[in-house]
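Enquirer: A single structure is presented below for examination.
The values are calculated or read from the model by the stated rules, or taken from the named source; none is laboratory data. Everything numeric here is computed off the predicted structure, so don't read it as measured data. So basically every Cβ, Gly included, is an ideal-geometry build from the backbone, and we count neighbours across all protein chains shown.
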Amino acid sequence: MKNALLLFVCSLLLELDLTAQNNALLRLWYTHPATQWVEALPVGNGRLGAMVYGDPYRETIQLNESTVWGGQPNRNDNPDSREALSEIRKLVFDGKYTEAQDLVNQKVISKVSNGMPYQTVGGLHLLFPGHESYSDYYRELDIEKAVETTRYSAGGVHYESKVFASFPDQVIIVRITADKPGSNPTWEAIAAFDLTGH
């Protein structure tokens, strides 16, 4: 039932007029920093990933890289999926969702394993002295641009940080700015790269 619902939702998305996205705000936004992993905002480029907590005083960015997995090496694809894709698409466009789902279950879903979980590579912790007290806090994930932004005020200065992953450069970038010249925050790396991810 869950797979059928997922296939149905995907088929609806295919039928949407994508120009409607120009008026939509594709954002997740919050008025407080994340206190646990499920509240952090994700960025990634297909190989590198990060979960950004957005804490003005003690920022945590949990890092991940595509070759770091739990378990042993494993092929998680179904070699029959490529040949079945055009037939699955045809069934979806013809409104035959149950048949499409049955074919997905037979030809796309892996018969060997459901995959191994990604494991954290580590965590980057940045301490910003003087930013313990802050106001006007806002953080968001712009889903269309794949950029995490955190904004807040501390000591009469408005700060903004942006985190994104560049695919061409294969890096995760953190950019911090202030609205007053000479006010860029000083920071200290705490256990610059914590391999436990905590």
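Enquirer: Considering each of Ala24, Ala4, Ala50, Ala20 in turn, give the residue that is of a type in the set (Gly, Ala, Ser) and modelled with pLDDT of 90 or more.
Expert: From the options Ala24, Ala4, Ala50, Ala20, the qualifying one is Ala50.
Enquirer: Another one. Starting from segment 137-165, keep only residues that are under 16 Å from Gly49 (Cβ atoms), then list their pairs with residues that are among the polar types (S, T, N, Q) and assigned to a strand (DSSP E or B) whose Cβ atoms are within a distance under 9 Å, requiring at least 6 positions of separation or different chains.
Expert: Short answer, once both residue conditions are applied: Leu141/Thr149; Glu148/Ser161; Val163/Thr149; Val163/Thr150.
Enquirer: Among the residues of segment 40-70, count how many are assigned to a strand (DSSP E or B) and out of contact with any helix residue (DSSP H, G or I) (no Cβ under 8 Å at 6 or more places or on another chain).
Expert: 16
Enquirer: Do we find that Val108 is of a type in the set (A, V, I, L, M, F, W, C), surrounded by 15 or more Cβ atoms within 10 Å (Cβ to Cβ) and not assigned by TED's automatic domain parsing to the domain that holds Ala50 in this structure?
Expert: Against the criterion (of a type in the set (A, V, I, L, M, F, W, C), surrounded by 15 or more Cβ atoms within 10 Å (Cβ to Cβ) and not assigned by TED's automatic domain parsing to the domain that holds Ala50), Val108 qualifies.
Enquirer: Among the residues in segment 123-141, are any modelled with pLDDT of 95 or more, among the aliphatic types (A, V, I, L, M) and closer than 24 Å to Ile176 by Cα?
Expert: Yes, there is a match, as at least one residue in segment 123-141 is modelled with pLDDT of 95 or more, among the aliphatic types (A, V, I, L, M) and closer than 24 Å to Ile176 by Cα.
Enquirer: Pairs please, first residue from segment 65-84 and β-branched (Val, Ile, Thr), second anywhere and at pLDDT below 85 and part of a loop (DSSP other than H, G, I, E, B), Cβ atoms under 7 Å, 6+ apart in sequence or on different chains.
Expert: What qualifies is Val68/Gln119.
Enquirer: Please pick out the residue among Asp94, Asp102 that is exposed (fewer than 12 other Cβ atoms within 10 Å of the Cβ), outside the structural domain of Gly156 (by TED's automatic domain parsing) and more than 24 Å from His158 (Cα to Cα).
Expert: Among Asp94, Asp102, only Asp94 is exposed (fewer than 12 other Cβ atoms within 10 Å of the Cβ), outside the structural domain of Gly156 (by TED's automatic domain parsing) and more than 24 Å from His158 (Cα to Cα).
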